[in-house]
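Novice: There's a structure below that I have some questions on.
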Amino acid sequence: MEAKDLRYTVKEINKIIEYYLGTPKIYKYCYENSKEFKGFIDNISDSRRKKIKAMHIGYRAAHSSEALAHLGTFGLSFLGKKLADNKEFKKLEATINSDEFKTLFKNFDAVLVLNGIEWCNE
């Protein structure tokens, strides 16, 4: 698959950025398990790196009440969350090994240009 074959709308790219870059556990999993994603992250600009860090802070702030729920349920909600995470990571494993994912993160900027989308290019 080539970058020219990937077509996305602004809304789709924003969802990809929010999910893969803005969700800390997904970001970490992809970074550790996909050489294309790792290469993309290792070579991004400082402005993009700051944007990602801000997204992680926002995500953690929005989900800060989870700890209280885990305490309130004596850890049962934490166990349920871990099971759900494991299921999500199994699905994610297939995704990060797909040609589309590899092509997207190997050629992220080219895909954005081809689709007429800008994301934090300062």
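The values are calculated or read from the model by the stated rules, or taken from the named source; none is laboratory data. All values reported here derive from a predicted model rather than from experimental measurement. FYI the Cβ positions are ideal-geometry reconstructions off the backbone, even for glycines, and counts take in every protein chain you see. Side chains included, ligands, DNA and RNA excluded: accessible areas come from the protein's heavy atoms. Shrake-Rupley method; radii C 1.70, N 1.55, O 1.52, S 1.80 Å.
Novice: Looking at (1) over 10 Å from the mean Cα position of the chain (by Cα); (2) buried (at least 18 other Cβ atoms within 10 Å of the Cβ); (3) hydrophobic (A, V, I, L, M, F, W, C), which is the only condition Val10 fails?
Specialist: Checking Val10 against (1) over 10 Å from the mean Cα position of the chain (by Cα); (2) buried (at least 18 other Cβ atoms within 10 Å of the Cβ); (3) hydrophobic (A, V, I, L, M, F, W, C), the one that fails is (2).
Novice: Name the single residue that is nearest to Ile13 (Cα to Cα) among those in the range 92-122 being of a type in the set (Ser, Thr, Tyr) and part of a helix (DSSP H, G or I). Step through it out loud before you land on a result.
Specialist: Start the filter on the range 92-122 by keeping residues that are of a type in the set (Ser, Thr, Tyr), which leaves 95, 98, 103.
Narrowing the set further to residues that are part of a helix (DSSP H, G or I) leaves 95, 103.
On the way: Thr95: 16, Thr103: 14 Å.
Per the stated criteria, the residue is Thr103.
Novice: In this structure, does Arg7 turn out to be assigned to a helix (DSSP H, G or I), at pLDDT below 95 and either under 25 Å from Glu93 (Cα atoms) or in contact with an Asp or Glu (Cβ under 7 Å, 6 or more places away or on another chain) (or both)? Please lay out each step first, then the result.
Specialist: Details: assigned to a helix (DSSP H, G or I): no; at pLDDT below 95: yes; either under 25 Å from Glu93 (Cα atoms) or in contact with an Asp or Glu (Cβ under 7 Å, 6 or more places away or on another chain) (or both): yes.
Spelling it out, it is not the case that Arg7 is assigned to a helix (DSSP H, G or I), at pLDDT below 95 and either under 25 Å from Glu93 (Cα atoms) or in contact with an Asp or Glu (Cβ under 7 Å, 6 or more places away or on another chain) (or both).
Novice: Given the conditions (1) in a helix (DSSP H, G or I); (2) within 16 Å of Lys106 (Cα to Cα); (3) not hydroxyl-bearing (Ser, Thr, Tyr), and given that Ile44 satisfies all but one, which numbered condition is not satisfied?
Specialist: Checking Ile44 against (1) in a helix (DSSP H, G or I); (2) within 16 Å of Lys106 (Cα to Cα); (3) not hydroxyl-bearing (Ser, Thr, Tyr), the one that fails is (1).
Novice: Further question on the same structure: Could you pull out the residue among Lys38, Lys25, Lys82 that is modelled with pLDDT of 85 or more and either open to solvent by 70 Å² or more (accessible area, probe 1.4 Å) or not in a helix (DSSP H, G or I) (or both)?
Specialist: Working: Lys25 fails: either open to solvent by 70 Å² or more (accessible area, probe 1.4 Å) or not in a helix (DSSP H, G or I) (or both); Lys82 fails: modelled with pLDDT of 85 or more.
The match here is Lys38.
Novice: Being within 23 Å of Glu2 (Cα to Cα), modelled with pLDDT of 90 or more and of a type in the set (S, T, N, Q) is the requirement here; does Ser47 meet it? First the steps, then the outcome.
Specialist: On the way: within 23 Å of Glu2 (Cα to Cα): no; modelled with pLDDT of 90 or more: yes; of a type in the set (S, T, N, Q): yes.
No.
Novice: Could you count how many residues in the range 90-104 are farther than 16 Å from Arg7 by Cβ and either in contact with an Asp or Glu (Cβ under 9 Å, 6 or more places away or on another chain) or open to solvent by 80 Å² or more (accessible area, probe 1.4 Å) (or both)?
Specialist: 6
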